[in-house]
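The values are calculated or read from the model by the stated rules, or taken from the named source; none is laboratory data. Note that the coordinates shown come from a computational prediction; the quantities given were computed from them, not determined experimentally. So basically every Cβ, Gly included, is an ideal-geometry build from the backbone, and we count neighbours across all protein chains shown.
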């Protein structure tokens, strides 16, 4: 098994194969698909931690995206196999959370994309920022990953 150079230890992973419908006019993976895959990976990680859509609704709280930065480093093409890794890397004053993402093309072994997402805790019913409930602190807190 190939060991990949992840930016942080123990990523939560989602595997993707680039399909022909993911390709743009330049014969590369369309940029929007990386964003979609990163959001799918972030949501899958949150759900795996035990804070899926049902828990969010019951708690009337959610982590809402407020800022995103993406670095497209190398093109990928149809047939390439990708591993999308994610980590929660910071939780500032228990209101703002930072999530990092990294996409490695297993076909080439190279990192092809990186992203950083910032979230704020909101009350779903009002859409306003609110302090997170105890469940968020108990579940997200231990999931924070430090750099190597």
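Which condition from (1) crowded, with 16+ Cβ neighbours inside 10 Å; (2) at positive phi is the one that residue 59 breaks?
(2)
Note down all Cβ pairs under 8 Å where the first residue falls in region 38-61 and is part of a loop (DSSP other than H, G, I, E, B), the second is modelled with pLDDT under 95, and they're at least six residues apart or on different chains.
If the second residue must be modelled with pLDDT under 95, the pairs left are 50/139; 51/135; 51/136; 51/139; 51/140.
What number goes with the only condition from (1) within 22 Å of residue 109 (Cβ to Cβ); (2) touching a residue at least 40 places away in the same chain (Cβ under 8 Å); (3) not in a helix (DSSP H, G or I) that residue 34 does not pass?
With (1) within 22 Å of residue 109 (Cβ to Cβ); (2) touching a residue at least 40 places away in the same chain (Cβ under 8 Å); (3) not in a helix (DSSP H, G or I) applied to residue 34, the lone miss is (3).
Taking residue 59 as the residue in question, decide whether it is touching a strand residue (DSSP E or B) at 6+ places or on another chain (Cβ under 7 Å) and closer than 28 Å to residue 129 by Cβ.
no
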